[in-house]
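**Student:** Could you have a look at this structure, given as structure tokens, before my questions?
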Amino acid sequence: MISKVLIIGACGQIGSELTYKLRLQNGADNVIASDINEGNFELVNSGPFEVIDAKNFNQIKNCVEKHNIDTIYLMAALLSAKAEQYPKKAWDLNMTSLFNVLDLAKDKLINKVFWPSSIAVFGSTTPKIKTPQQTIMEPTTVYGITKQAGEHWCKYYHENYDVDVRSIRYPGIISWKTLPGGGTTDYAIEIFHKAITDKKYECYIAEDTELPMMFMDDAVNAAINIMNADRVSIKIRSSYNLAAIGFTPKQIAESIKKHIPEFEITYNPDFRQKIAASWPQSIDDSKARQDWNWNHDFDLEDITKEMLMQLSNLHSVS
Ligand code: AKB
């Protein structure tokens, strides 16, 4: 039997592309997209869509019952930079939405949950290079605190209520279809847009700050693959380290310059620099590779080519 999936936060950066891919794979009618409002025309018109506030338990429950949902991908969250501006709002959204979904699984109304964590669970006391799966975790951001607490709750619900919840710690995600909102790593997307429209970019992260990153196609595949893996192969029920590539603003600018030689980057670090500096430079994701065969496809050169090609088309028609 094909599983019926609900994606909460489907209009967001990862949620939208996850919805498109799952609709292709499972059939549009089996993938119900939802968000706090109908933000995305293509998404709303390519399959079932429900307006749901992720903080409202009854709205999610009604949707689960109406569509016979057995799997939820919970993608709604306030990201790192935005959460620093609205700490309590971030705590409320990020935690209440998670409890709502975990409780539905505890009550056996759904079978499986996907919930993304982040490299933001790590902080300045964490080893920065090849950060291990289990290590010091003292996050310095509100977003990181919500993700770390969420990881503990996922593990708790799994161990105490047999909830099948699966999670990965995403690095910065680079994509061209939907803009990200309020992350620290958003610069790695803005830079491509500005390279095409202005041939220059002022970066809010310092030139030598290296961060782990990943292309959207890899990020979406990771979510789908961990959800398709046999239950017994998922040995970590907090969240898996996940990695693909890493670069500094200077290195991504050099990669763009190979295609747009006149491109110029300048640096004007703001409050997001402190967040970026507290995160790891690279991640040891060997457990994910071992347990459920995680592998990434896109390196920096592939990403640069794809981003410049797709965004050139997008900007030439807009
Ligand atoms: C952010 O920058 O907040 C996110 C993340 C690393 O989780 N992209």
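**Student:** Ala28 to Met95: extension gain in nm, 0.36 nm per residue of separation minus the Cα-Cα distance? Present the calculation step by step, with values, prior to reporting the outcome.
**Tutor:** Working: separation 67, 0.36 × 67 = 24.12 nm, distance 2.91 nm.
Computed gain between Ala28 and Met95 is 21.2 nm.
**Student:** May I ask you to give the percent of accessible area on segment 1-124 that is carbon plus sulfur, with a probe radius of 1.4 Å? Write down the numbers at each step before the final one.
**Tutor:** On the way: 2590 of 5270 Å².
Taking all protein chains in place, segment 1-124 shows 49 percent carbon and sulfur surface.
**Student:** So, with +1 on the Cβ of K and R and -1 on the Cβ of D and E, and no other charges, what is the size of the charge dipole of segment 1-73 about its Cα centre, to the nearest 20 debye? Numbers along the way, then the final one.
**Tutor:** Numbers: 6 positive and 9 negative charges, 34 e Å.
Result for segment 1-73 is approximately 160 debye, rounded to the nearest 20.
**Student:** What share of Cα pairs, in percent, lie more than 24 angstrom apart in segment 142-269? Intermediate values should be presented prior to the final figure.
**Tutor:** Working: 3240 of 8128 pairs.
It works out to 40 percent of all Cα pairs.
**Student:** Now for a separate question. What length, rounded to one decimal in nm, is gained on full extension from Glu38 through to Asn268, with 0.36 nm per residue of separation minus their alpha-carbon distance?
**Tutor:** Values: separation 230, 0.36 × 230 = 82.80 nm, distance 3.52 nm.
Going from the current span to full extension adds 79.3 nm.
**Student:** Could I ask something else about it? Where a ≥ b ≥ c are the square roots of the eigenvalues of the C-alpha gyration tensor, would you call the chain rounded, which needs a/c under 1.5, or, failing that, prolate if a/b is larger than b/c, or oblate? Mind showing how you got there, number by number?
**Tutor:** Working: a/c = 1.72, a/b = 1.35, b/c = 1.27.
Because a/c hits 1.5 or more and a/b exceeds b/c, the chain counts as prolate.
**Student:** Next question, about the same structure. Skip the ligands, DNA and RNA, and give the accessible area per residue of segment 116-318 with a 1.4 Å probe, whole Å².
**Tutor:** Ligands and nucleic acids excluded, the figure is 42 Å² per residue.
**Student:** Between Lys106 and Ile260, what is 0.36 nm times their sequence separation minus the Cα-Cα distance? Round to one decimal in nm.
**Tutor:** Details: separation 154, 0.36 × 154 = 55.44 nm, distance 5.25 nm.
Full-extension gain reported as 50.2 nm.
**Student:** Further question: Once R0 is set to 25 Å, what does the formula 1/(1 + (r/R0)^6) return for the Cβ-Cβ distance between Asn45 and Gln85, expressed as a FRET efficiency to the nearest 0.05? Before the final figure, lay out each step's value.
**Tutor:** Working: r = 33 Å, r/R0 = 1.30.
With R0 = 25 Å, the Cβ-Cβ based efficiency is 0.15.
**Student:** Give, as a single signed number, the net charge of other residues whose beta carbon lies under 12 Å from the beta carbon of Asp29, with Lys and Arg counted +1 and Asp and Glu -1.
**Tutor:** Numbers: positive: Lys4, Arg23; negative: none.
Residues close to Asp29 contribute a combined charge of +2.
**Student:** If r is the Cβ-Cβ distance from Gln134 to Gln251 and R0 is 35 Å, what FRET efficiency results, to the nearest 0.05? Mind dumping the intermediate values first?
**Tutor:** On the way: r = 29 Å, r/R0 = 0.83.
Calculated transfer efficiency: 0.75.
**Student:** I would also like to ask the following. Rounded to the nearest 20 debye, what is the charge dipole size of the chain about its Cα centre when +1 sits on each Lys and Arg Cβ and -1 on each Asp and Glu Cβ? List each step's numbers first, then the result.
**Tutor:** On the way: 33 positive and 40 negative charges, 115 e Å.
Rounded to the nearest 20 debye, it is 560 debye.
**Student:** Take the Cα of Asn228, step 7 Å along the line toward its Cβ, and report every residue of segment 7-44 whose backbone nitrogen sits under 16 Å from that point.
**Tutor:** 18-28, 31
**Student:** Using modelled backbone amide H atoms (1.01 Å from N, in-plane), which distant-in-sequence or interchain residues come within less than 5 Å of Ile283's amide H?
**Tutor:** Lys130, Thr131
**Student:** Same structure, new question: Filter the chain for me: DSSP H helices, axial length by Cα at least 24 angstrom, mean Kyte-Doolittle hydropathy not below 0.0. List them by residue number.
**Tutor:** Numbers: long enough: 87-106 (28 Å, -0.10); 142-161 (27 Å, -1.14); 300-317 (26 Å, 0.04).
Qualifying helices, which must be both long enough and hydrophobic enough, are 300-317.
**Student:** Based on alpha-carbon centroids, what's the gap between segment 106-177 and segment 60-93 in Å, whole number please?
**Tutor:** One Cα centre to the other: 14 Å.
The values are calculated or read from the model by the stated rules, or taken from the named source; none is laboratory data. Just so it is clear, the structure is predicted and the values come from calculations on it, not from any experiment. A quick note on method: Cβ atoms are made from the backbone with ideal geometry, for glycine too, and the neighbour counts reach across all protein chains shown. These accessible areas exclude ligands, DNA and RNA; they are computed on the full protein's heavy atoms, side chains included. Shrake-Rupley method; radii C 1.70, N 1.55, O 1.52, S 1.80 Å.
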